[in-house]
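To start, the structure under review is shown below, and the notes come after it.
The values are calculated or read from the model by the stated rules, or taken from the named source; none is laboratory data. Every value quoted in this text rests on a predicted model; they were computed, and no experiment measured them. Glycine also receives a Cβ, built like all others from the backbone with ideal geometry; neighbour counts cover every protein chain displayed. SASA here: full protein model, heavy atoms, side chains in, ligands and nucleic acids out. Shrake-Rupley method; radii C 1.70, N 1.55, O 1.52, S 1.80 Å.
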Amino acid sequence: MSAAVKLSQFGVKHVARGIGRLSTEVLESGSGSYVTTVSGRRFLDFTSGIGVTNLGHCHPAVTKAAQAQVGKLVHGQVNIAFQKPYLELVEALIPLMPHKSLDTFFFWNSGSEAVEAAVKLARQVTRKQNVIVMQGSYHGRTMGTMAMTRSKTVYGENYAPLMPGVFAVPFPYCKQCSIATHSDGKFGFENCCMDPVLQLELLLKRETAPSDTAAIFIETVLGEGGYVPPPPGYLARVREICDKNGILLVADEVQCGYGRTGKMFAIEHWDVRPDILVMAKGIANGFPLSGIVSRKELMDVQKPGSMGGTYGGNAVACAAAVAVAKAFQEEKILENVNTRGEELTSMLKAAQDDPKTGKMIYDVRGLGLMLALECVPGKGYASKIQAKCMEKDMLLLTTSIYDTLRFIPPLNITKEDMAEGCRIIREAIDEVAAEENL
């Protein structure tokens, strides 16, 4: 038995079974768009640690910044004093915000914690309890965010009672909308029926009155729910409802933010102002860091001591995040996202238009390098394609209750690596179609 197999078996035996994983391979190193396992396999990584290592594994500038900070100050606890990297990160982020009103920050460790920080802020500011989330949304797996996550039942199954005061409405997922699919083309993504807006208005009349509702939480692009962008006009309508009823709009951009969609933050595609913006994942390229940002008049409502955390805004993570922000500017990351995204989309669309492989494909969608291929239901095509890619040394994830593949390559992936990725994916799609006699 090889050392790699022994190590993997040790992990299976001693690591919590509640962690689901794509593979039992043991990762040892990473560089750019690739990871290498202890067994010596080298994988092209189209998962980016689920949208975390957006600048590729071990980006030189980020690594250098973290290494330098380790030798200066590792832990500058936020309730003791300010620390320099934290303030430098705030300074670096303010110009990148999607609206000038977003100028006051709180940093924590994970996306779930940041979402809960947003809940705390919304409740404190409005003095109201209830929050509204979208069906298909993913906000986390902590006791609070489990109640808000509506993408799959597995995240909250058998953990009740969950946090009360959470209500859900449909997200405008036009490809799975019964009105659109039965309208003979009258309704669709470009001309959405806007029934989710009606359902939101009805919810505020039937189940949670505006006087009881603190905030509406929206993943600007659904993540775990299927990489679904909202149709034109939807977010603006939600903003109007929030303004009319004194409800805060919270944009959860843990997965879709930080350049993933071709804009620094996804909400910029629709030019809508959030009251609170939630960020994590790509902010520090792998170091544990998350945050919320809002306008100062809201953040100043909270009493000193009501927010904090032992490791929140860790100095090393903040130093890495400052380097990430600089890299976006110096390396023209967003330009690369849009160019490489067009290349990947073109390949997926070609597979959809192919008479044979197109029989498997229900939808191709997304923005930038947050792309999805949804397969026709009932055949398990997405998992079969994923397995083929794994055989060909590519890491790829499925998502959603629907049969969907999600593509999350590094935002700075090279033209050559993207071409290799497209080759592997198309080859896997072709092989599955051939095996299914399509």
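To the nearest µm²/s, what D does Stokes-Einstein give for the range 337-405 at 25 °C and 0.890 mPa s, using the Kirkwood radius over alpha carbon pairs as Rh?
This corresponds to a translational diffusion coefficient of 198 µm²/s.
Hey, what did the range 169-235 get for relative contact order, percent, Cα under 8 Å, at least 6 apart?
About 37 percent, as a whole number.
Could you sort T53, T414 by accessible area so the largest value comes first, with the probe set to 1.4 Å? Spell out each step's value before the answer.
On the way: T53 20, T414 60 Å².
Solvent-accessible surface, decreasing: T414, T53.
Per residue of the chain, what 222 nm ellipticity follows from adding -39500 (n - 2.57) for every DSSP H run with n ≥ 4, rounded to the nearest 500? Walk me through the numbers before you get to the answer.
Numbers: 14 runs with 158 residues, N = 438.
It comes out at -11000 deg cm²/dmol, rounded to the nearest 500.
Alpha carbon centre of the range 201-218 versus the range 185-199: separation in Å?
For the range 201-218 versus the range 185-199, the Cα centre distance is 21 Å.
Within the set of other residues whose C-beta is less than 11 Å from the C-beta of A122, count the net charge using Lys and Arg as +1 and Asp and Glu as -1.
Result for the local shell: +2.
Given the C-alpha centroids of the range 404-438 and the range 314-381, what is the distance between them in whole angstrom?
11 Å
I need the fraction of alpha carbon pairs in the range 29-166 separated by more than 19 Å, rounded to a whole percent.
Considering the range 29-166, 69 percent of its Cα-Cα pairs are separated by more than 19 Å.
List, in the order given, every pair from K152/K244; K326/K349; K263/K415 whose Cα-Cα distance in the structure shown is over 25 Å.
Pairs exceeding the cut-off: K152/K244; K326/K349.
For the chain, which DSSP H helices look membrane-span-like by this rule: Cα extent along the axis of 20 Å or more and mean Kyte-Doolittle of at least -1.0?
Those that clear 20 Å and a mean of -1.0 are 111-126, 315-330, 333-353, 415-435.
Which loop trypsin sites (Lys or Arg not before Pro) in the range 98-150, with loop taken from DSSP, have no more than 14 other Cβ atoms within 10 angstrom of their Cβ?
Here the trypsin sites (Lys or Arg not before Pro) that fit, given the DSSP loop and packing criteria, are K100, R127.
Taking every pair of distinct Cα atoms and averaging 1/r, then inverting, what Kirkwood hydrodynamic radius in Å comes out for the range 73-331?
In the range 73-331 this quantity evaluates to 18.8 Å.
Which of the aspartates and glutamates could be linked to K13 by a straight reach, that is with a Cα gap under 16 Å, when you skip same-chain ones fewer than 8 residues away?
K13 reaches E25.
Size of the dipole of the chain about the Cα centre, Lys and Arg at +1 and Asp and Glu at -1 on the beta carbon, nothing else charged, in debye to 20?
920 debye
Report, to the nearest whole %, how much of the accessible area of the chain belongs to carbon and sulfur atoms, 1.4 Å probe, protein only.
53 percent
Normalised by the residues of the chain, what does the relative contact order come to in percent, with Cα pairs under 8 Å and at least six apart?
Answer for the chain is 22 percent.
How long are the semi-axes of the equivalent ellipsoid of the range 234-378, taking √(5λ) for every eigenvalue λ of the Cα gyration tensor, in whole Å from largest down? Intermediate values should be presented prior to the final figure.
Details: eigenvalues 230, 94, 39 Å².
The three semi-axes for the range 234-378 are 34, 22, 14 Å.
With equal scatterers on the alpha carbons only and no solvent term, can you work out the Debye log10 of I(q)/I(0) for the range 209-308 at 0.11, 0.14 1/Å?
-0.36, -0.58
First measure r as the distance between the Cβ atoms of D353 and V5, then evaluate 1/(1 + (r/R0)^6) with R0 = 41 Å and state the FRET efficiency to the nearest 0.05. Mind showing how you got there, number by number?
Numbers: r = 43 Å, r/R0 = 1.04.
Taking R0 as 41 Å, the efficiency between D353 and V5 is 0.45.
Contour minus end-to-end for L438 and R21, with contour as 0.36 nm per residue of separation and end-to-end as the Cα-Cα distance?
Gain on stretching L438 to R21: 147.1 nm.
Just add up the charged neighbours of I424: K/R +1, D/E -1, any other residue whose Cβ is under 10 Å from the Cβ of I424.
Result for the local shell: 0.
Residues in the range 116-147, backbone N under 11 Å from the label point at A209 (7 Å along the Cα-to-beta-carbon vector): list them, ranges by number please.
The answer is none, because no backbone nitrogen lies closer than 11 Å to the label point.
Using a 1.4 angstrom probe on the protein heavy atoms only, line up H99, H182, H75 by accessible area, largest first.
Reading off the accessible areas and sorting them downward yields H182, H75, H99.
Which value, to two decimals, describes the C-alpha radius of gyration of the range 292-438 once divided by 2.2 N^0.38 Å?
1.38
Determine by what factor the alpha-carbon radius of gyration of the range 274-355 differs from 2.2 N^0.38 Å, reporting the quotient.
In units of the 2.2 N^0.38 Å rule of thumb, it is 1.60.
Charges only on Cβ, +1 for Lys and Arg, -1 for Asp and Glu: so what's the dipole of the range 73-331 about the Cα centre, in debye to the nearest 20? It would help to have the intermediate numbers written out before the result.
Working: 24 positive and 25 negative charges, 79 e Å.
Using only the charged Cβ atoms, the result is roughly 380 debye.
With the Cα gyration tensor of the chain in hand, convert its eigenvalues to equivalent ellipsoid semi-axes via √(5λ) and list them largest first in whole Å.
With the √(5λ) rule applied to the chain, the semi-axes are 33, 30, 20 Å.
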